[in-house]
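S.K.: The structure under discussion is supplied below as structure tokens; questions concerning it will follow.
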Amino acid sequence: MAIQVGQKIPSATLKVPTADGIQDRTTDELFAGKKVVLFSVPGAFTPTCSAKHLPGFVQNAAAIQAKGVDSIICLAVNDAFVMGAWGKDQNVGDKVIMAADGNGEFAKALGLDFDGSRFGMGTRSQRFALVAQDGVVKHLAVEAPGKFEVSSAEAVLGKL
């Protein structure tokens, strides 16, 4: 069952590429005492993710932060090296934390994983966005398969 509004973000460890190398960051560390926007994509460098989803959050980072958001996190079931390369390719800088859920364990803990085997992708995360305050989900928008409507930066801005 997918996580719901009012529930706490599950504890997990993600890999985050930084200037100092790849670091383990726990969800407790990333969410505790903060207002966070987390959006998830099925895969780095995939068409909609690279053309619309991540760029929207990069372009709207200042407007999102102006609404009291402490950090914006991009999640994908990819390894941290791929997430780091994608962040560089998209000129993310420090606007978005690129978080790797390499084995899909966090996506599964959220109940938002899916089987992309028929596309040669294995287990992946559904496309979604959420807003959490101190680790508690305040807003959750999960896309229907193949859609990109409710999890965009603009849609999230409208909910902040």
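S.K.: Looking only at the stretch 104-152, how many residues end up being in contact (Cβ under 8 Å) with a residue 24 or more places away in the chain and charged (D, E, K, R)?
M.R.: 6
S.K.: Got a sec? Which of Ser125, Ser117 is within 13 Å of the chain's Cα centre (by Cα) and not aromatic (Phe, Trp, Tyr)?
M.R.: Every option except Ser125 fails the conditions.
S.K.: When you scan the stretch 106-122, how many residues do you find that are open to solvent by 20 Å² or more (accessible area, probe 1.4 Å), modelled with pLDDT under 95 and not in a helix (DSSP H, G or I)?
M.R.: 6
S.K.: Looking only at residues in the stretch 147-160 that are closer than 16 Å to Ala76 by Cα and out of contact with any Gly (no Cβ under 9 Å at 6 or more places or on another chain), which one is most open to solvent (accessible area, probe 1.4 Å)?
M.R.: Phe148
S.K.: Let me ask something else. Restricting to the stretch 123-146, name every residue that is on the phi > 0 side of the Ramachandran plot and open to solvent by less than 70 Å² (accessible area, probe 1.4 Å).
M.R.: Selection gives Gly135 alone.
S.K.: What residue, of Ile22, Ile3, is aliphatic (A, V, I, L, M), in contact (Cβ under 8 Å) with a residue 24 or more places away in the chain and closer than 14 Å to His139 by Cβ?
M.R.: That would be Ile3, the only listed residue that is aliphatic (A, V, I, L, M), in contact (Cβ under 8 Å) with a residue 24 or more places away in the chain and closer than 14 Å to His139 by Cβ.
S.K.: Could you say whether any residue in the stretch 123-145 is over 19 Å from Ile3 (Cα atoms) and part of a loop (DSSP other than H, G, I, E, B)?
M.R.: no
The values are calculated or read from the model by the stated rules, or taken from the named source; none is laboratory data. Since we're looking at a predicted model, the values are computed, not measured. Neighbour counts are summed over all protein chains in view; Cβ atoms, including those assigned to glycine, are modelled from backbone coordinates with ideal geometry. Just the protein is used for accessible areas: all its heavy atoms, side chains included, with ligands, DNA and RNA removed. Shrake-Rupley method; radii C 1.70, N 1.55, O 1.52, S 1.80 Å.
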